[in-house]
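None of the figures in this text is laboratory data; all of them are computed from the coordinates on show. Every value quoted in this text rests on a predicted model; they were computed, and no experiment measured them. Don't worry about glycine lacking a Cβ; one is built from the backbone with ideal geometry, like all the others, and counts go over all protein chains shown.
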């Protein structure tokens, strides 16, 4: 199975399992030029990172651009663990993360 690593958002979501992405209502992180509000996306683009998994500066749980009040609220509501996704990508690689998300039919690792 060929996997599309460009469909992993900068913050560790797998876009191909997202309903908005599938329906064409969202272009995905890489192509979403309207997402100028996303500090994580901006940081990754400025530093040439595919995702936060490429960052060697800090742990995503400690990064203020990655973890903040709003992301913490969404994490609680949706029981998602984006930092765990980033850590999984760092440890196992993007393709392994995509295969895990395909197997689980999820966009992100669940809390």
*Compute the length gained on full extension between residue 76 and residue 59: take 0.36 nm times their separation in residues and subtract their Cα-Cα distance, giving the result in nm to one decimal.*
4.2 nm
*What number, in percent, do you get for the relative contact order of the chain if the mean sequence gap of Cα pairs under 8 Å and at least 6 apart is divided by its residue count?*
35 percent
_Coordinate range along principal axes, alpha carbons of the stretch 1-95, Å, largest first_ = 33, 28, 27
*Arrange the peptides 96-108, 18-30 so that the one whose residues have, on average, the most other Cβ atoms within 10 Å appears first.*
96-108, 18-30
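Ignoring everything except DSSP H segments at least 4 long, calculate the 222 nm mean residue ellipticity for the chain; use -39,500 (n - 2.57) per segment, divide by total residues, nearest 500. Kindly include the intermediate steps, with their values, before the conclusion.
Values: 5 runs with 45 residues, N = 111.
Mean residue ellipticity, 222 nm, calculated: -11500 deg cm²/dmol.
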